[in-house]
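Student: Handing you this structure, nothing more for now.
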Amino acid sequence: MNEKTFLTLEFHRVKEELTNFALTEEGKKEILNMMPSTNKRQIEMRLDEVTEAVQILEKSASVPIHGMDGVGKIVANLNKGVPLRPDQLSSLYFFLDACKKLKKFMTDKQYIAPRVSAYVYSIEDIPEVADEINRCIRNGRIDDYASKELLRIRKQLSIQKDRLKDKIQSIVKSAKYKTFLQEAIVSQRNGRYVLPIKKEYRGKVKGAVLDSSASGSTLYIEPEELSVQQDQLLMYKLQEEQEIENILWALTGLVQTYQPQLKLAIETMVHYDVLFAKAKYSRSIDGVSARVNESHRIHLKNAVHPLLGIEAVPLTIKMGDTFHALVITGPNTGGKTVTIKTVGLLTLMTQCGLHIPAEKGSEISIFERILLDIGDGQSLEQNLSTFSSHVKNIIEILKDTNDRTLVLLDELGSGTDPMEGMGLATAILDQLYEKGATLLATTHYSEIKHFAEEHEGFMNGSMEFNIDTLQPTYRLIVGKGGDSQAFSIALKLGMHPAIIEKAHGITYRESKTYSIEEQDFHAKKEMEKQVIVSKHKKRDHSKQAQTKPTVPQFSKGDNVKISPEGELGIIYEGPDDMGRFTVQVREEKRLITHKRLSLYISAAELYPEDYDFDIIFESKENRKKEKLMGRKYVEGLTIDRE
């Protein structure tokens with residue numbers, strides 16, 4: 001598996017959806033790092049676990065998994081020479097309490113989920129740790145009764161604070177200081193009580209100046225008669241801090257004693273969190289556990305793409321028994337790409353131990369690699385054309401493919417000269433099959449469809465098209481290549497059957513009868529007009545034939561041979577008044593008389609009905625400009641035609 005496979009099949013999006021069901025940060029992290037396994041027993045075990053977890057959720061939806069925030073880091077940082085803080089100890093207490101609740105929760109689940117409920121026994125009871133933390137810490141601070149010494153110190157501290165406050169109040173109210181005070185209030189500086197004395201009376205008040213106002217008119221002085229009592233208060237505070245440190249060290253030492261048990265409990269809790277997140281995700285997609293095999297069998301029953309949800313059309317596909325390579329044809333936007341992506345993504349999910357959205361009895365093969373070429377893959381940084389990028393990718397696929405590889409190829413051979421692209425695509429498919437790969441490829445080349453019909457191990461498939469609505473149904477039909485929807489649509493819309501029969505003969509080199517009964521009333525009327533018009537044109541043409549030589553009719557996209565050099569070109573437009581056609585030869589357009597041109601392969605044979613010829617005749621820069629100008633007006637933007 002490689003990163004490109006995960007990105008193209010959008011496996012990261014599945015994992016992101018899965019993290020929404022995890023309750024702990026550690027569980028979310030483990031899900032995001034999840035990788036597919038190639039071990040059959042391990043995959044089956046993971047799938048069985050999820051199945052049992054689903055059964056537990058059906059009985060009780062609320063699983064007590066919580067209290068994990070930062071606990072893993074707390075335990076990992078033990079023995080670092082630093083005592084645990086009260087908030088960290090509180091987190092450990094809540095975690096141990098969650099473990100206790102989880103063990104109680106699993107006691108009656110052993111009959112419906114024997115494997116999953118058994119994991120709870122790896123969580124060891126350590127009540128002495130929880131009880132000691134609960135005794136020593138209250139509301140996030142060390143409790144007065146955590147030790148006798150702390151209780152004594154805090155009592156002394158409280159008495160000293162009261163004495164100090166009484167002394168301060170008596171000084172403020174005394175007539176001795178009334179004249180010297182800027183105002184009758186008491187402030188604190190650096191934790192010590194001070195009086196606001198007017199600057200001019202500095203010499204009248206004995207004590208240390210701890211601060212002054214911004215203007216300098218007020219001095220904050222600690223009176224000499226307060227300093228002794230404040231020193232005593234500070235001493236008690238230092239004693240309190242020392243005793244708190246002693247208690248925290250004692251609690252930390254106790255936790256360290258059970259560090260192995262705590263690590264195992266954390267791992268178990270995280271495993272439960274990930275497991276129940278998988279189970280909740282399975283319920284959200286109506287998932288099932290697929291059977292797994294190592295025999296290249298893929299049998300999906302009414303499977304859907306998990307990211308499309310209710311919008312997805314169910315996919316049923318069975319391969320691996322009589323054939324290992326499926327060639328899918330069909331119209332653009334008919335669902336070919338979604339079909340092969342669904343197979344790839346569901347394979348990844350199964351190998352990660354996830355249920356898939358399909359019917360029971362679905363089966364998935366285990367693959368060491370899933371290699372693919374989907375999308376145009378154009379690299380602006382490397383300045384590679386679409387075709388070059390495809391070729392480089394396929395070269396890597398050919399290197400890495402073996403008999404445990406699933407290869408997904410979308411629109412194989414596109415982006416170059418149709419004849420060469422078709423030949424290259426056929427050779428690539430043949431080579432990948434010889435290397436033992438399981439293959440799913442989409443194409444619009446009819447020649448590849450014929451190749452699949454003739455070669456053992458290959459099977460044709462097509463995306464169904466509703467001729468009545470003239471819309472794709474997005475359903476895969478295995479065992480039948482895509483019919484010429486262009487001819488059926490043309491007939492439906494009212495084109496004369498004779499014209500379509502002639503086109504069929506040119507394209508497939510065989511005869512076929514198209515029935516006029518397939519047309520509706522309006523289409524028949526249009527057909528009658530075509531016949532009348534064609535008769536007039538025939539008469540006009542016969543008159544012109546006496547004075548003007550016949551010019552052969554080439555269509556845009558026809559592949560023609562140019563004499564006497566024997567070069568191949570593609571018809572761009574024409575003919576003009578002199579019977580000349582504009583022909584693209586390599587990367588230039590030439591004006592060539594019809595006498596030097598002969599049909600090599602017709603456009604109908606090479607391209608689908610809705611093929612965008614700008615891909616061949618227009619530069620990449622012009623295509624980008626046309627797309628931009630189609631969306632909005634861009635001042636100063638022009639397209640230069642050759």
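Student: What pairs come out if I take residues in the range 183-212 that are assigned by TED's automatic domain parsing to the domain that holds residue 171 and pair them with residues that are surrounded by 15 or more Cβ atoms within 10 Å (Cβ to Cβ) and of a type in the set (S, T, N, Q) whose C-beta lies under 6 Å away, six or more apart or interchain?
Tutor: Cβ pairs passing all conditions: 192/230; 196/182; 196/218; 198/182.
Student: Here's a follow-up. Is it true that residue 65 is modelled with pLDDT under 90 and among the β-branched types (Val, Ile, Thr)?
Tutor: yes
Student: On to the next question. If a residue has to be outside any strand (DSSP E or B) and of a type in the set (Ser, Thr, Tyr) to count, how many in the range 171-220 make the cut?
Tutor: Of the residues in that region, 7 qualify.
Student: Just to be sure, is residue 633 surrounded by 14 or more Cβ atoms within 10 Å (Cβ to Cβ), in a loop (DSSP other than H, G, I, E, B), modelled with pLDDT under 85 and not acidic (Asp, Glu)?
Tutor: No: the conditions fail for residue 633.
Student: Looking only at residues in the range 568-595 that are charged (D, E, K, R) and farther than 20 Å from residue 419 by Cβ, which one is modelled with the lowest pLDDT?
Tutor: 595
Student: Right, next: Looking at the range 234-291, which of the residues that are closer than 27 Å to residue 25 by Cα and aromatic (Phe, Trp, Tyr) is surrounded by the fewest Cβ atoms within 10 Å (Cβ to Cβ)?
Tutor: Checked the range 234-291; the qualifying residue surrounded by the fewest Cβ atoms within 10 Å (Cβ to Cβ) is 258.
Student: Here are the criteria: (1) surrounded by fewer than 17 Cβ atoms within 10 Å (Cβ to Cβ); (2) among the small types (Gly, Ala, Ser); (3) under 30 Å from residue 258 (Cβ atoms). Tell me which single one residue 184 does not satisfy.
Tutor: (3)
Student: Additional query: Please verify whether residue 292 is in contact with a Ser or Thr (Cβ under 8 Å, 6 or more places away or on another chain), part of a strand (DSSP E or B) and not acidic (Asp, Glu), treating the condition exactly as stated.
Tutor: yes
Student: Something else about it: Which of the residues belonging to the range 258-289 are outside any helix (DSSP H, G or I) and not aliphatic (A, V, I, L, M)?
Tutor: 258, 286, 287, 289
Student: Tell me which residues, restricted to the range 377-397, are loosely packed, with under 15 Cβ neighbours inside 10 Å, hydrophobic (A, V, I, L, M, F, W, C) and at pLDDT 80 or above.
Tutor: 395
Student: Now for a different question. I'd like the full set of residues that are of a type outside the set (A, V, I, L, M) and crowded, with 20+ Cβ neighbours inside 10 Å, limited to the range 92-108.
Tutor: 95, 99
Student: Sticking with this one: Residue 59: over 20 Å from residue 369 (Cβ atoms), modelled with pLDDT under 90, of a type outside the set (Val, Ile, Thr) and not assigned by TED's automatic domain parsing to the domain that holds residue 364, yes or no?
Tutor: The answer is yes for residue 59.
Student: Could I ask something else about it? Taking residue 45 as the residue in question, decide whether it is more than 20 Å from residue 260 (Cβ to Cβ), assigned by TED's automatic domain parsing to the domain that holds residue 29 and not acidic (Asp, Glu).
Tutor: The answer is yes for residue 45.
Student: May I pose another question? Residues being touching a Gly at 6+ places or on another chain (Cβ under 7 Å) and assigned to a loop (DSSP other than H, G, I, E, B): count how many of those fall in the range 8-33.
Tutor: Count: 1.
Student: Test residue 230 against the criterion of being part of a helix (DSSP H, G or I), over 60 Å from the mean Cα position of the chain (by Cα), buried (at least 17 other Cβ atoms within 10 Å of the Cβ) and in contact (Cβ under 8 Å) with a residue 60 or more places away in the chain, and give yes or no.
Tutor: yes
Student: State all residues of the range 71-97 that are small (Gly, Ala, Ser) and closer than 18 Å to residue 264 by Cβ; if no residue qualifies, say none.
Tutor: 72, 76, 91
Student: Identify, from the list 50, 75, the residue that is under 24 Å from the mean Cα position of the chain (by Cα) and part of a helix (DSSP H, G or I).
Tutor: 50
Student: Shifting gears a bit: When you scan the range 277-304, how many residues do you find that are on the phi > 0 side of the Ramachandran plot and among the acidic types (Asp, Glu)?
Tutor: 1
Student: Further, regarding this structure: Have a look at 322, 347 and point out the one that is in the same structural domain as residue 392 (by TED's automatic domain parsing) and closer than 22 Å to residue 34 by Cα.
Tutor: Of 322, 347, the one residue that is in the same structural domain as residue 392 (by TED's automatic domain parsing) and closer than 22 Å to residue 34 by Cα is 347.
Student: Answer yes or no as to whether residue 162 is out of contact with any Pro (no Cβ under 7 Å at 6 or more places or on another chain), closer than 30 Å to residue 63 by Cβ and in a helix (DSSP H, G or I).
Tutor: The answer is no for residue 162.
Student: Would you check if residue 80 is part of a loop (DSSP other than H, G, I, E, B) and loosely packed, with under 14 Cβ neighbours inside 10 Å?
Tutor: When the stated conditions are applied, residue 80 passes them.
Student: Name the single residue that is surrounded by the fewest Cβ atoms within 10 Å (Cβ to Cβ) among those in the range 21-56 being without any contact (Cβ under 8 Å) to a residue 40 or more places away in the chain and over 27 Å from residue 297 (Cβ atoms).
Tutor: Restricting to residues being without any contact (Cβ under 8 Å) to a residue 40 or more places away in the chain and over 27 Å from residue 297 (Cβ atoms), the top hit is 33.
Student: For the range 455-477, which residues satisfy the criterion of being touching a Phe, Trp or Tyr at 6+ places or on another chain (Cβ under 9 Å) and at pLDDT 80 or above?
Tutor: Across the range 455-477, the qualifying residues are 455, 456, 457, 458, 459.
Student: Determine which single condition residue 150 fails, assuming it passes every other condition in (1) surrounded by fewer than 14 Cβ atoms within 10 Å (Cβ to Cβ); (2) closer than 30 Å to residue 91 by Cβ.
Tutor: Unmet condition: (1).
Student: Could I ask something else about it? Looking at 108, 87, which one is part of a helix (DSSP H, G or I), of a type outside the set (Ser, Thr, Tyr) and either farther than 17 Å from residue 279 by Cβ or outside the structural domain of residue 263 (by TED's automatic domain parsing) (or both)?
Tutor: Step by step, each of 108, 87 is checked, and only 87 is part of a helix (DSSP H, G or I), of a type outside the set (Ser, Thr, Tyr) and either farther than 17 Å from residue 279 by Cβ or outside the structural domain of residue 263 (by TED's automatic domain parsing) (or both).
Student: Return the residues of the range 156-215 that are of a type in the set (S, T, N, Q) and at positive phi; say none if nothing qualifies.
Tutor: Passing the criteria: only 190.
Student: Could you please find all residues in the range 123-157 being under 22 Å from residue 266 (Cα atoms), among the acidic types (Asp, Glu) and touching a residue at least 60 places away in the same chain (Cβ under 8 Å)?
Tutor: Residues satisfying the conditions are 124, 128, 132.
Student: Taking only pairs six or more apart or across chains, which ones have beta-carbon atoms under 7 Å, a first residue in the range 600-614 that is in contact (Cβ under 8 Å) with a residue 40 or more places away in the chain, and a second residue that is among the basic types (Lys, Arg)?
Tutor: 600/561; 603/556; 613/556
Student: Next question, about the same structure. Here are some conditions: (1) assigned to a helix (DSSP H, G or I); (2) closer than 30 Å to residue 295 by Cα; (3) at pLDDT 90 or above. Residue 36 meets all but one. Which one does it not meet?
Tutor: Failed condition: (1).
The values are calculated or read from the model by the stated rules, or taken from the named source; none is laboratory data. Quantities reported herein were computed from a predicted structural model and do not represent experimental measurements. Neighbour counts are summed over all protein chains in view; Cβ atoms, including those assigned to glycine, are modelled from backbone coordinates with ideal geometry.
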